[in-house]
């Protein structure tokens, strides 16, 4: 009996000892399965949010349909939809014509307004609008009016996918392809006989980032004014997403998703990197301290990059100004500094 009992006990002990490892294995497998499911779901949420953000925030509203400025022209524009609305009638002008030219590299036609300088051979500034806007926007027409009233010529293009210019998919790339449209305008002016040393660039918002990139890519650009530019796309995209109600992290998956969906230029060029090629050329930075769309730290980062490239810049940071609204809040000072900068950089009209 003792022998039998011992055998039975041994068998029971063997069963108990073997079952514990099996239970541990089952638990581990369950944990791994749960973790895998959570990871897959988390990845799905991450990528899904990135797709929604890309789909929502990169699409361009065509043909400048915004009712607040869709009918505005250099001859008759006002300030609408802004916190401050100064009288801008002194900056109206009517001696402009419709022109068109190919983007640099070809493939698309860019449409623009052109008002020649007061004197033949005089300086010309290309004035570039922001995202989801066009040449009819007040932050194009007002600085263009300031410059033209002072005697400068002004070229006001619609970037690709905006206004009346050709489309290449209806989405923006943060300036990484739009800069070719600006340089197409620069090429056109040179072809019209304007000396390269007498052509400057002005941009607001996306336009500012675009002209900064164009300046880095074309060493013959003589001078550039950047109003409310971002410094690097990744940070700006996150902050812009937050301003539109998204969590900032959606910008990370949105970029590779954009590449997969046929927008390979997206986020491939950053203004802060392009300024490494300034080589001492004049560059002006202005930004509103109340800007929540592109935050003012971007101006400081751009100024640091410009200084490292041989162009010392002290950014003009305007208290109380929201996005690109410095020109509305301190109109006379903006006018004076704009004309002074380009007169010194590309010659007086």
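The values are calculated or read from the model by the stated rules, or taken from the named source; none is laboratory data. Source: prediction; values computed, not measured. Cβ sites come from the backbone with ideal geometry, for glycine too, and all protein chains shown count toward neighbours.
Each row is one residue, and each column tells you yes or no for (1) more than 21 Å from residue 123 (Cα to Cα); (2) buried (at least 22 other Cβ atoms within 10 Å of the Cβ); (3) modelled with pLDDT of 95 or more; (4) assigned by TED's automatic domain parsing to the domain that holds residue 214.
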| residue | (1), (2), (3), (4) |
| --- | --- |
| 294 | yes, yes, no, yes |
| 310 | yes, no, yes, yes |
| 314 | yes, no, yes, yes |
| 324 | yes, yes, yes, yes |
key: Options 306, 299: the member that is over 19 Å from residue 86 (Cα atoms), touching a residue at least 60 places away in the same chain (Cβ under 8 Å) and surrounded by 19 or more Cβ atoms within 10 Å (Cβ to Cβ)   = 299
message = Looking at segment 323-338, I want the residues that are at positive phi and have a partner that is in a loop (DSSP other than H, G, I, E, B) and at pLDDT 95 or above with Cβ atoms under 6 Å, at least 6 apart or on another chain. Which pairs are those?
response = 324/205; 324/228
task = With respect to residue 101, determine if the residue is part of a loop (DSSP other than H, G, I, E, B), at pLDDT 95 or above and in the same structural domain as residue 129 (by TED's automatic domain parsing).
result = no
ask   = When the residues of segment 152-166 are filtered to those that are assigned to a loop (DSSP other than H, G, I, E, B) and in contact with a helix residue (DSSP H, G or I) (Cβ under 6 Å, 6 or more places away or on another chain), which remaining residue is surrounded by the most Cβ atoms within 10 Å (Cβ to Cβ)?
value = 159
task = Evaluate the following for residue 204: is it crowded, with 24+ Cβ neighbours inside 10 Å, more than 16 Å from residue 306 (Cα to Cα) and at pLDDT below 95?
result = no
task = Within segment 272-294, track down each residue that is more than 18 Å from residue 139 (Cβ to Cβ) and either free of Cβ contacts under 8 Å to residues at least 24 places away in the same chain or touching a helix residue (DSSP H, G or I) at 6+ places or on another chain (Cβ under 8 Å) (or both).
result = 272, 273, 274, 275, 276, 277, 278, 281, 282, 283
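Per-residue answers, yes or no, for (1) farther than 19 Å from residue 182 by Cβ; (2) modelled with pLDDT under 95; (3) in contact with a strand residue (DSSP E or B) (Cβ under 9 Å, 6 or more places away or on another chain):
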residue	(1), (2), (3)
223	no, no, yes
241	yes, yes, no
250	yes, yes, no
267	no, yes, no
274	no, no, no
280	yes, no, no
289	yes, no, yes
298	yes, no, yes
307	yes, no, no
remark   = Condition set surrounded by fewer than 12 Cβ atoms within 10 Å (Cβ to Cβ) and within 22 Å of residue 167 (Cα to Cα), scope segment 61-86, selection modelled with the lowest pLDDT: answer is 67
Out of 130, 122, sole residue that is buried (at least 24 other Cβ atoms within 10 Å of the Cβ), touching a strand residue (DSSP E or B) at 6+ places or on another chain (Cβ under 9 Å) and in a loop (DSSP other than H, G, I, E, B) = 130
query = If we scan segment 175-182, do we find a residue that is buried (at least 24 other Cβ atoms within 10 Å of the Cβ), in contact (Cβ under 8 Å) with a residue 60 or more places away in the chain, on the phi > 0 side of the Ramachandran plot and in the same structural domain as residue 103 (by TED's automatic domain parsing)?
reply = yes
